[in-house]
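Chemist: Quick one: the structure is below, and I'll ask about it shortly.
The values are calculated or read from the model by the stated rules, or taken from the named source; none is laboratory data. On a predicted model such as this, the values are computed, not experimentally measured, just so you know. Glycine gets a Cβ as well: all are built from the backbone with ideal geometry, and neighbour counts include every protein chain shown. Heavy atoms of the whole protein, side chains included, go into the accessibility calculation; ligands, DNA and RNA do not. Shrake-Rupley method; radii C 1.70, N 1.55, O 1.52, S 1.80 Å.
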Amino acid sequence: MRSETDTTDHAAPSSTANPLHGRGRHGDLTSGPVQGHLVRLSVPMIWGILAIVASQLVNTFYISMISPAHLAAISFTFPVTMTVLSLIIGLGIGMSSVVSRAIGEGNHDTVVRLSSHGLILAVIAGVIMALAGHAIMDPLFRAMGATDDMMPMVLDYMGLWFTGIVFITVPMVGNSAIRATGDTLTPALIMMGTTAFLVVLDPLLIFGLFGLPRMEMHGAALATIISYGLSMIVALWILKYKKRIIFQDGLHLDQFGDSARRLLFIALPAGITSTIQPMTSGVLTAILAQSGTHAVAAFGVATRVEAFAFIVIMALATGMSPILGQNWGARRFDRVHETLRLAIRFCVLWSVAVAAILMIGAYPLAGLFSTDAETVRMTALYFLIVPFSYAAGNLVPGWSSAFNAIGLPQRSAAMIGVKMIIVQIPLAFIGNHFFGVIGVFTSIAIANIGTGLYYHWRNKQHMTTAELAHSPA
């Protein structure tokens, strides 16, 4: 039987020495305690993802100091920037998946080729997204409900952001290649350094401190691009000279087609899957815009706080991906199951704890991001309704990460698509029609609970089928 994952060759391990399996074999995740690997790989990512989410919160905080209108304007950009970043994440998922499985199979030459060609794809993708973004951003934001007085602020930010998107694309994909080797500390340090530089640069450019021009939204975008540009330089240096998994003996462009096919087999559906969430957020933002800018600002703040609260779960999903990929490539299915069991158990416990904190501290937390009474009330309303569904809702993205890691992106795409497009969006329209903002927030909770419980049950069966297909004949 031939699996949908059999897009890679299973050649004999390369005779080239594999530097990933030296120095204590920290790059080899097919042996040793699974729980130890999960902790070692996930903990650094907590700090790394914390840095990324903190940078978004810092932008939101500084911009909110200008005016409530600026806060609403930056809230309109979140779904669009997250959609673009999700496409980049999809390419990173493809990089991590194919590289980690190649490591598990022992093909170091293939690892070098795929990593190098993945970065070339990242540059190509960045250029395409920059051109497309400039072409559609004006009608897009108007369709989302941005008013005439908000459009200049929104375009001031997004125009520069799209221009520099390549400087974001390359380090994000490069970090995925580093993580595939079983090293999550280095990408975490790169992300932390990026955010540290952004925290310093943001207020200087936004408010025009120390003689610099006051650029407000334009300054926030410029600070982001400069910070990621520096991280790109660092990531490329590490990949070439420390990890030695890119551009070691030429570009091998004659094999670029094969590399692109293998990477895009994962990256395209994973990217589409990743964009569904922010696109859904865009639809929800447009629905909430019917209730005014307070509802839009509240939703933007609440979703940023959610992202911050679930950094640990995102880190766990990132940390488990190379473990799943390498063990799947080595056909160590017992270790795949153990990894999933430990990750899901922790995911549920963490979700319950976060829900309790947000529900109990709803109003104080909302008050940290706005002094406007109506914005605070709506933000607190979200925290009182949606967190009840976290434990079930977080099962879906967890399983999605697992399927991407083992080379089954179609199942991940189908699962996320059903949750967001088939269930979430129609429920939000119905909820808004009958109950307004409360109805929209309640629809999010219902979609989380229903799809989370159903797919958790179904995915256990999917994994057994996939193992049979991937096992040797």
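Chemist: Hey, quick one: spin label on Ser291, modelled 7 Å out along Cα-Cβ, who in the stretch 42-77 has an amide N within reach, i.e. under 18 Å?
Modeler: 72-73, 75-76
Chemist: FRET efficiency for Lys242 and Val127, Cβ-Cβ distance as r, R0 = 35 Å, nearest 0.05? Could the numbers behind the result be given before it?
Modeler: Numbers: r = 27 Å, r/R0 = 0.78.
That pair, Lys242 with Val127, gives E of 0.80.
Chemist: How high is the FRET efficiency from His462 to Ala353, r the C-beta distance, R0 25 Å, rounded to 0.05? Working shown, then result.
Modeler: Details: r = 29 Å, r/R0 = 1.14.
Here the calculated transfer efficiency is 0.30.
Chemist: Then there's this: Which value, in Å², gives the accessible area per residue of the stretch 32-254 when a 1.4 Å probe is used on the protein heavy atoms? Mind showing how you got there, number by number?
Modeler: Values: 8200 Å² over 223 residues.
With the other protein chains kept in place, the stretch 32-254 gives 37 Å² per residue.
Chemist: If you don't mind, there's one more thing I want to ask. What shape does the stretch 218-283 have by the C-alpha gyration tensor, where a ≥ b ≥ c are the square roots of the eigenvalues, rounded means a/c under 1.5, and otherwise prolate means a/b greater than b/c and oblate the rest? List each step's numbers first, then the result.
Modeler: Working: a/c = 3.05, a/b = 1.20, b/c = 2.54.
Note, shape of the stretch 218-283 comes out oblate.
Chemist: May I ask for the Kirkwood hydrodynamic radius of the stretch 315-403, worked out over all distinct Cα pairs and given in angstroms to one decimal?
Modeler: Numbers: mean 1/r = 0.0672 Å⁻¹.
Taking every pair of different Cα atoms in the stretch 315-403, averaging 1/r and inverting gives 14.9 Å.
Chemist: What does the charge count around Met215 come to, taking other residues whose C-beta lies under 15 Å from its C-beta (Lys +1, Arg +1, Asp -1, Glu -1)?
Modeler: Cβ neighbours under 15 Å give a net charge of -2.
Chemist: Per residue, how much accessible area does the stretch 274-462 show when a 1.4 Å probe rolls over the protein heavy atoms, in square angstrom? All intermediate terms of the calculation are to be shown ahead of the outcome.
Modeler: Details: 7230 Å² over 189 residues.
Accessible area per residue: 38 Å².
Chemist: If you don't mind, there's one more thing I want to ask. Summarise the accessible area of the chain (1.4 Å probe, protein heavy atoms) by the percent that is carbon and sulfur. Could the numbers behind the result be given before it?
Modeler: Working: 13260 of 18700 Å².
Result for the chain: 71 percent of the exposed heavy-atom area is carbon or sulfur.
Chemist: Where a ≥ b ≥ c are the square roots of the eigenvalues of the C-alpha gyration tensor, would you call the stretch 383-445 rounded, which needs a/c under 1.5, or, failing that, prolate if a/b is larger than b/c, or oblate?
Modeler: Details: a/c = 5.43, a/b = 1.93, b/c = 2.82.
Judged from the Cα gyration tensor, the stretch 383-445 comes out oblate (a/c at least 1.5, b/c at or above a/b).
Chemist: Now for a different question. What value, in deg cm²/dmol to 500, does the helix sum -39500 (n - 2.57) over DSSP H runs of n ≥ 4 give at 222 nm once divided by the residues of the chain? Let's see the in-between values first.
Modeler: Details: 18 runs with 363 residues, N = 473.
Result for the chain, helices only: -26500 deg cm²/dmol.
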